[in-house]
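No value in this document is a laboratory result; all are computed from the given coordinates. Quantities reported herein were computed from a predicted structural model and do not represent experimental measurements. Positions of Cβ are generated from backbone atoms using ideal geometry, with glycine treated the same way; all protein chains shown enter the neighbour counts.
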Amino acid sequence: MRTWDARLLRMTVASVLAGAMIGVVGGAFRWCLAQAERQRDAMVVWSHGRPFLGWIVPVVVALIAVAVARYLVLRFAPEAAGSGIHRVEAIMAGQVEPGSNAILPVKFFGGLLSIGSGMALGREGPTVQMGATIGHIIATWFVREKDDRRLVLAAGAGAGLAVAFNAPVGGSVFVFEELTTSFTPWLLVATLSAATFAVAVMRWMIGNQYVFFVLPGSAPSGVIESYFLMLGGLLGVAGAAYNALSLWLLDLTEKLSKYPAVARAAFIGAVVGLVAFFAPALVGSGDTLTQSILSNKLPLHALGMVFVIRFVLGPWSYAAETPGGMFAPLLLLGAAFGGLFGGLVQHFASALGVPVVEFAIVGMVALFAASVRAPLTGIVLAIEMTGRGDLTLQMLAAALGAMLVAMLLKSPPIYQSLRERMLVQEGRRVAASGEVAAEATR
């Protein structure tokens with residue numbers, strides 16, 4: 001009995017320490033990223049004051065920043081490419097081993113360069129993988145059993161998501177629903193320990209505010225749920241298309257292997273830099289734009305434009321394989337489509353009296369459910385980011401419609417597809433290295 005108590009104590013201590021460190025790293029990452037985005041906006045304003053040649057500045061800056069971010073990945077930690085969540089899932093499934101500790105600095109600085117320069121990527125991918133890496137490092141110091149080390153790693157990943165969105169419950173649910181698809185007392189202890197201390201430290205560093213400010217309300221019930229179910233069904237189609245486009249662009253860039261990977265990433269960054277010059281609000285993680293949508297500041301035609309441009313810009317940015325996540329871009333897209341749908345409903349069925357903002361919030365959940373296939377995580381994240389717990393029934397209805405349509409379209413969850421793609425690529429690399437070794441011995 002004492003052995004089991006000591007084992008549980010070691011795992012708990014490791015989770016607490018990992019959470020506190022994740023709070024420091026994640027809080028610093030969020031603060032630095034906010035500063036980088038302010039500098040990018042100031043640069044764009046400055047470049048507009050230089051006619052004819054001003055547009056070159058954001059293009060060159062983004063080109064260099066994305067090229068450096070890609071180089072850091074290739075040179076020091078190939079495991080840090082992209083979101084990283086799919087790799088954490090593969091670790092939890094026992095398909096790959098945890099990567100090198102170099103993931104931590106590469107994800108931090110590569111993410112700052114990539115997202116800060118305007119790539120349409122989210123901060124949650126880097127914080128999740130950094131959290132998993134920190135959890136692995138701390139676990140090797142305190143935990144003896146391999147299974148317990150894996151629990152601390154998962155708890156660290158969840159704490160990373162919790163820090164990214166100031167959502168401790170959402171980060172915890174993410175561990176159970178998406179990373180491990182299990183719920184055990186030991187995993188619960190590790191996850192709650194890491195998330196609690198991570199968010200507490202992050203709030204001490206940068207404050208405690210909702211990610212999005214939304215006016216309180218009380219959603220009506222009854223027949224209105226059918227409209228949210230319809231919204232979910234439409235976003236199920238959009239989610240399936242978004243996943244397909246993301247994978248297609250990744251495959252396309254891989255086929256262009258005659259060009260160096262850094263050059264391919266630099267070209268993608270240059271295009272994003274050009275978009276930043278003409279429409280600075282459309283680049284980056286998109287939090288500011290999402291806030292504008294949730295404040296009902298954009299007309300219907302602007303919502304449509306945001307949805308179309310970001311629908312392409314997100315997968316385009318992810319194809320560079322620099323550090324950056326997919327959650328935040330999905331939330332923006334869902335909010336834009338939900339707001340557009342809500343505006344149309346309000347125009348043709350004004351008697352329902354449902355504010356456009358409520359459709360936007362529910363749209364965030366629906367697209368997340370369609371693409372990631374983790375509806376409970378999406379619902380809890382949306383509630384913690386907006387404070388609109390009164391919309392839970394509408395969120396459930398939309399998530400149901402989105403998941404059902406996406407599944408009928410045979411669209412697999414995006415991280416499952418990315419994980420399978422990663423395993424195939426790593427299998428090819430292992431086979432190629434084996435052939436080279438065999439050739440050398442002849």
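See the values below:
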| quantity | calculated |
| --- | --- |
| Residue 42 versus residue 291: modelled label distance in nm, points set 7 Å from Cα along the beta carbon direction | 1.8 nm |
| Three semi-axes of the equivalent ellipsoid, segment 3-65, Cα gyration tensor, whole Å, largest first | 48, 10, 4 |
| Sparsely packed chymotrypsin sites (Phe, Trp or Tyr not before Pro) within segment 141-220, loop by DSSP, other Cβ within 10 Å at most 13 | 183, 213 |
| Rg(Cα)/(2.2 N^0.38 Å) for the chain, N = residue count | 0.97 |
| Per-residue Cβ neighbour rank within 10 angstrom, fewest leading, 414, 91, 134 | 91, 414, 134 |
| Check: the chain dipole with +1 on Lys, Arg Cβ and -1 on Asp, Glu Cβ, in debye | 780 debye |
| Shape category assigned to segment 137-284 from the gyration tensor of Cα positions, a/c cut at 1.5 | oblate |
| Overall dimensions of segment 225-421 as given by Cα atoms, namely Rg and Dmax in Å | 16.7, 59 |
| Cβ-placed point charges (K, R +1; D, E -1), dipole of segment 2-206 about Cα centre in debye, nearest 20 | 420 debye |
| Exposure proxy order (Cβ contacts within 10 Å, fewest to most) of 255, 107 | 255, 107 |
| Residues of type lysines that residue 410 reaches as a straight line, Cα spacing below 23 Å, ignoring anything fewer than 8 places off in the same chain | none |
| Segment 2-206 - Kirkwood radius from inverse mean 1/r over Cα pairs (Å) | 17.3 Å |
| R0 of 45 Å, Cβ-Cβ distance residue 410-residue 35: FRET efficiency to nearest 0.05 | 0.55 |
| Lys/Arg +1, Asp/Glu -1 at C-beta; the chain dipole; positive extreme among 291, 302, 60 | 60 |
| Relative contact order %, the chain, counting alpha carbon pairs below 8 Å whose residues are six or more apart | 23 percent |
